Structures are given as C-alpha cells and as structure tokens.
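Down below is the structure, laid out as structure tokens.
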Amino acid sequence: MNFTLPMWPVYLVDISGSALSIFLAFGAVFMSRKLSRRDPVNAIWTYLLWISIAFGIFTVFRSVSHLLKFYLVIFGYKSVWQALSPFAGAVESITLVFVATLTFYYERVKKSYRSLIRERDLFQDAKEEIGLLNTNLGREMDRMRESECKLENAHAEISKLIDQVRSGGDLSIRYRNPNLTQCWELKDCVYENCPAYKSDQLRCWHLGKVYCCRIKAGKSGRECNCEACEIYISAHKDPLTRFGERFNDMMHFLENKQKELEGANRDLQEMDKKKSKFLDIVAHDLRTPLTSILAYADLLLRYKSESAETRDEFLRTIIFESRRLGDLINDYLDISKIEAGLMEYQLEPLNFREVIDHVIAVYSGICMQKGIQIHKNSLAQDLPILGDKRRLAQVMSNLMSNASKFTPAQGKISITAGLDSNGEAIHISVSDTGPGIPETHLEEIFKKFTQLHDGDLHAVGGTGIGLSICKEIVEFHDGKIWAEHSKEGGASFHLVLPVQGPERSGRLLESKSASEG
Amino acid sequence: MIRKVLFILIYSCIPWIWTRPALAVQEHGGAEGLYSHQMAHLVFFSAMIYLCIRLVRSGESVRKGWRWIFFSALLFACWNADTFFVHQYREVIDPQTFSGNFFDQPWTFNAHSVPDLLYYLGTYDHILSFSALLLFFIGIRGLIKVQRERP
C-alpha cells in the first residue's frame, strides 16, 4: 500500500474552516444572547449563552492560531510561531476544559432552573391565593361595614322608638323587615305602602308569620304552614330581624299596656265624674227633703189655727221626707261600707217567702195610692235560705221601690218566687209595666252611680246606687241578680239565691267567719 | 457522588497513560506539552458524550432546537476523538511519510498503511468542528423560534 496524498487541501480546509468558524462562533454568541435577553428568567438560556461564549473563545483562539501559524510560516516568522504556539495551545486546552466543565453542570442548572420554576409557580399560586384572600377579606370588610350600617340604622330606630316611648308619642311600629321586602311578593312592604302596615291588627313584622300565610294560601289554594314557609324562614334567618321582631313584640306589649292604662284612666275619670255627680245628687236630695221638712215644720208653727186634718197632713209629709232622708243617708253609708269592705252581715236561716210578704205589705200602700196592682205568683211554698234578713229585705225593697217608682198609674207589678227545677236555688222575679230598660243598659244599671233617665231623676228620686248595693248583697249570698225586658213591656229583675242545705250552710258560715277573722 | 469520584479517577489516571514526549499537527510543546492538551480533549469528549446522554434521557434530543444541539454535541465528540487520534498518531508516524516543502511545510503525504491513511483523513478535523459549530448555531436559532412561538 502506497498512496501519495497532497497536503494543500488540508491547509485549505484549515484556513477556510478557521475563518468560517470565527463567524459561526460570533453568530452563536449573538443568537444565545438574543435568546437569553428575550427570557432572562430562564437560566437554561443564560447557561447556553455561557457555553456559546466559551465555544466562541475556543474557536477564535484555535482559528486565529491556525491562521496566524500560516501567516507567520509563509512570511518567515517560524520562530515566532514556535514561541506563540504553546500559549495558543494552552488557551485552547483551557477553553476546552471550561466548556466541558460547563457541560457537566448542564443537569444541575436544569434542575436548579426547574426548582426555581416550581418555586416561582408556588409563589404565583401563593400570590393568587393571597389575592383571593384579599378579595374575600375585602368582601368581608364590605359585609362588616354593611352590618355596621344596619346596626347604626337599627340603633337609630330603637333610639327613636325609645324617645317615642319616653315622650308618650306614637308607638306605631316602624321596623321594616328587609328580607321580606326583598321577596317579590312583598315588594310593596315599605312602610306606608305595606298592606300589613295599614292594618290595625297586623304589623310589618307580622308578615313573616301571618301575611305570608295569606299570600301562600291565596296563591296555591292550600293552607300554608308558617314554620315551613320560605318567607317566614328567610325572615327569621336575619338575627337583626329577630331582634327587631322581639323589639316589636315588646313595643306591641307596651302599646297594649298603655291602651289598658288609658282605658283604666278613662274609667277612673268617668267614675270620678259619676262620683261628683252623685255627690251633687246626694246634696240635692238631702237638701230637698230637708227643705220640705223645714217648710212644713215652719207652717205648723205659724198657722196654729189650721184644722187638725191639715196639720196631720203636714206631719205625715214631714215623716215621709224624714224617712226618705234617712233612706238616702243609709244608702250612702252602705255604699261607703261596701267600698271600704266594712259591710256587716248577720247570717241566719230564714224563709225568704216571709221577706217577700213583708216587703209587699210595706209597698202595697204606695201602690194602692197610685192604682198599681200587685200580682203574687207561686208564693205558697216556703223558701228556706241562709242569709242576712235585713239586707235581703233591703234588696227586695229596692226592687219593689224601683218598680213602684217607674210603673205608671194603673200599672201592674208581678212578683214570682219559687224553687228552680233542680230544687237547689230559689228564683224570684219582680216585673213591672214601666218604661223598661234599653238593651245596652241592662248591665250598666248595676254599676255604681249609674242611673237611667237623667232628666227625670229628680222626678222619680234615687241616687243610682241602690242596684249596685243589691248586687253586692246578692253576690255575698252566692246569688245572682240581673235585669231583662218584661213580657208586658216593662223591666223584669231576676234574683237567684241558693237554697239552704246543711253542707252549704256550714261552708258559708265558715268562709264568712274566716273573712271576718 | 459516584460520578464525581469516577471523574477524579479518570483525571488522575490520564497523565500516566501517555508518558512519552509528544508532537502534534498543531505544536503543543514546551511548557504546555501534549498531555495537558490531550487531557483537555478527553475531558471535552466526555462532556459532549455526557450531554448527549442527558439530552437523550430527558427526551430533549427529539425536540426542536435541542435536536440540533444534540447532533452538534455528537459531532464535537467525534471531532475530539479525531483530534485525539491525530495528535497521538502524529507522535509515532514516520517523518519520511511527509515530503516536499511549501513554506517550510510538507507538500505531500505518503500513506503506507491504513493508520497512515486514517491519519491523513483525520487532518481534515475542521470539517467536523465547523459542522458541529454550524449545528450548534442552527440549534440556538431553533430555540429562538420556539421561544417566539410560545405565547
């Protein structure tokens, strides 16, 4: 084997390769720099840039040394080249090692970069999470501010209500339930437009429980269960609403109490008026018989020559007026005793028929004078009861007195007495043919200082406390008294008293003695 | 750690393999000597092979841009092997194989054996190094394109 090969192509490739390599090395460095600048965060590009630079240095030194070699050799400076050659070779070796070292670090750089990217991603995630938290925090802050506003409004509302309560002003409930107003069905529930607000019975806060039922029941045609009604539930979710409702409940309670107090105050004022009127009447009535007594006594003293018949007439008038005066004083004393709780009773077994007979006997004269007929029904049997004979006689006298007063001449008074169907109570009724009592006053007449026919009061006489005394006496005896319209057109008074029995008698006596003790 | 130990061992053993004074295509005599240069070539060769393995293992060797860098590293490794052989063979070659004088440089080469022929072919190492550098350049350009395409 023997080949003769030219060396000039080798030199040519050396020169051209060296020259082109310089350009390529610079191009690679330029491109790597571009790559790195575009994405400076990416460490791999920076790493590639450094490798490119190392390659560039290596290539430049190698190529330059090759080119220089030819230049120096051709121009006769071989010794210079021999001097420089080791230095160029050393640089070449160093750059080779440098590039190699960099290459060995490729994996580490990549790993570091990946961990860096992972950390960056984590950081980004954390940043996003923080952003989200920040947003949520902002929302919470907004909600808190909203709640604060609501609280402030509620506070203002409560303060306003308290001021109203203190000043005794209008206690209408002003609280508006926001959950209900948001409901499409109750869009108009804003104060004046709210149908419940206009109602006397319902309030805005009632809508959750009452009004919604009406709406639901009306819409679907079925009964609405308040506790399961979504309007009711939504209305009660809001703690502020619950507080408002409780406050409204309290205000409603206060309002009722205030109304009760106002009613009691009105009653007291009315009572005071009646009492004043009563005092006027008493004063007038006391003065009237007294004036008559004084006048007739004066006449007796002045006109001694009058006939005995006339003088007797004067004396009878004096006696009558004196008795009327005494009755008035007794009534007044009785009512005072009743009010003070000092009324005394002497309980004893008695036959009530005897009391009725006695009273009829007393009033028969008066009735005869006016031409009034007295009808007695079923008065044959005994009516045994336990009671105070004097007081019960007072009751019967009062009823008879009223009947005789209000029954016109030629009228009729019917008295019925007897045991009821069970035989446990006696039932007495006194009916007349007088003007009667209006339906609305059937209960009123038993109240103190109440009188009918104010205009004719003085014509018929009386203080308006007789029936109230009767009621007190009857109720003391566990009985009952009431008034009705008579079948014959007048008034009819009914009296029921329990029949005397050994058991009841013992219990009544015991209770009375205990109360006295 | 094992890799580090292996590298230290290789680096330590290399000076003891070639103990002869050497001359090369390019002179590396004097203070530098051939050994250090050959060691540099070996280290560079190892680095390029290591890079190739890494690129293949990570799957980057088939991706745009990195694919050309992978081939570039492969050519650089070949160039290193070539230059190592040429440097080394230059020390044992018969000086009579070179003849002629062109500005104090041999003008012809007489190849008497296959290694002589391989040596001659190896002297065209710039073809490999230039090609490797070109592929490296193309690879970086490809990476720039990828970077541009990325949103």
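Where a number appears in this text, it was derived from the coordinates with a stated rule and is not lab data. Quick caveat, the model's predicted, so the values are computed rather than measured. Neighbour counts are summed over all protein chains in view; Cβ atoms, including those assigned to glycine, are modelled from backbone coordinates with ideal geometry.
Put in order of Cβ neighbour count within 10 Å, fewest first, the listed residues B:ILE2, A:ILE329, A:ILE281 become B:ILE2, A:ILE329, A:ILE281. Label sites at A:GLU344 and B:PHE98, each approximated as a point 7 angstrom past Cα along Cα to Cβ, lie 16.7 nm apart. Between A:HIS441 and A:ASN377, the FRET efficiency estimated from the beta carbon spacing at R0 = 22 angstrom works out to 0.25.
The protection proxy used here, the mean number of other Cβ atoms lying within 10 Å of each residue, ranks peptides A:432-443, A:89-100 as follows, highest first: A:89-100, A:432-443.
Ranking of A:PHE30, B:PHE84 by neighbouring Cβ atoms within 10 Å, starting from the fewest: A:PHE30, B:PHE84.
Under the classification rounded if a/c is under 1.5, otherwise prolate if a/b is larger than b/c and oblate if not, where does the stretch A:381-422 fall, given a ≥ b ≥ c as square roots of the Cα gyration tensor eigenvalues?
oblate
Take each residue in B:39-46, count the other chain C-beta atoms within 10 Å of its C-beta, and the mean is 6. Rounded to the nearest 20 debye, the dipole magnitude of the stretch A:352-401 is 140 debye, with +1 charges on Lys and Arg beta carbons, -1 on Asp and Glu beta carbons, and the Cα centre as origin. Of the trypsin sites (Lys or Arg not before Pro) in the stretch A:286-387, the ones in a loop by DSSP (not H, G, I, E or B) with at most 14 other beta carbons within 10 Å are A:LYS304. The length gained on full extension between A:ASP163 and A:LYS78, counted as 0.36 nm times the residue separation minus their Cα-Cα distance, comes to 18.9 nm. Projecting label points 7 angstrom from Cα along Cα→Cβ for A:ARG38 and A:GLU424 puts them 11.4 nm apart. Beyond 22 Å in Cα-Cα separation lie the following of the pairs A:LYS376/A:LYS487; A:LYS274/A:LYS389; A:LYS389/A:LYS487; A:LYS160/A:LYS257; A:LYS277/A:LYS337: A:LYS274/A:LYS389; A:LYS389/A:LYS487. With a 10 Å cut-off around each Cβ of A:86-98, the average count of Cβ atoms from other chains is 6.
Using the Karplus relation 6.51 cos²θ - 1.76 cosθ + 1.60 with θ = phi - 60°, the per-residue 3J(HN,Hα) values for the stretch B:98-111 come to 8, 9, x, 9, 10, 6, 6, 10, x, 9, 10, 10, 9, 8 Hz, with x marking Gly and Pro. Here the stretch A:10-32 is scanned for amide nitrogen atoms under 15 Å from the site 7 Å beyond the Cα of B:TYR89 along Cα-to-Cβ, giving A:10. Here r is the Cβ-Cβ distance between A:MET271 and A:ARG323 and R0 is 30 Å; the resulting FRET efficiency, rounded to 0.05, is 0.50.
Taking Cα centre as origin and charging only the Cβ of basic (Lys, Arg, +1) and acidic (Asp, Glu, -1) residues, the dipole magnitude of the stretch A:248-307 rounds to 380 debye. Along the Cα-to-C-beta direction of A:LEU20, a point sits 7 Å from the Cα; which residues of the stretch B:54-88 have their amide N less than 17 Å from that point? In the stretch B:54-88, the label zone of A:LEU20 (backbone N under 17 Å from the point 7 Å along Cα→Cβ) covers B:72, B:75-76, B:79.
In the stretch A:272-294, which residues have a backbone nitrogen under 13 Å from the label point lying 7 Å from A:GLU306's Cα in the Cα-to-Cβ direction? Residues A:292-294 qualify, since their backbone N sits under 13 Å from the label point.
Projecting the Cα atoms of A:HIS66, A:MET31, A:LEU102 onto the charge dipole of the stretch A:8-104, computed from C-beta unit charges around the Cα centre, puts A:MET31 farthest toward the positive end. The residues B:SER58, A:SER429, B:SER129, when put in order of fewest to most other Cβ atoms within 10 Å, stand as B:SER58, A:SER429, B:SER129. Cross-link check: pairs A:LYS275/A:LYS471; A:LYS412/A:LYS448; A:LYS275/A:LYS447; A:LYS275/A:LYS480 evaluated at a Cα-Cα cut-off of 21 Å; pairs beyond the cut-off: A:LYS412/A:LYS448; A:LYS275/A:LYS480. For the peptide A:7-14, the mean number of other protein chain Cβ atoms found within 10 angstrom of a residue's Cβ is 6.
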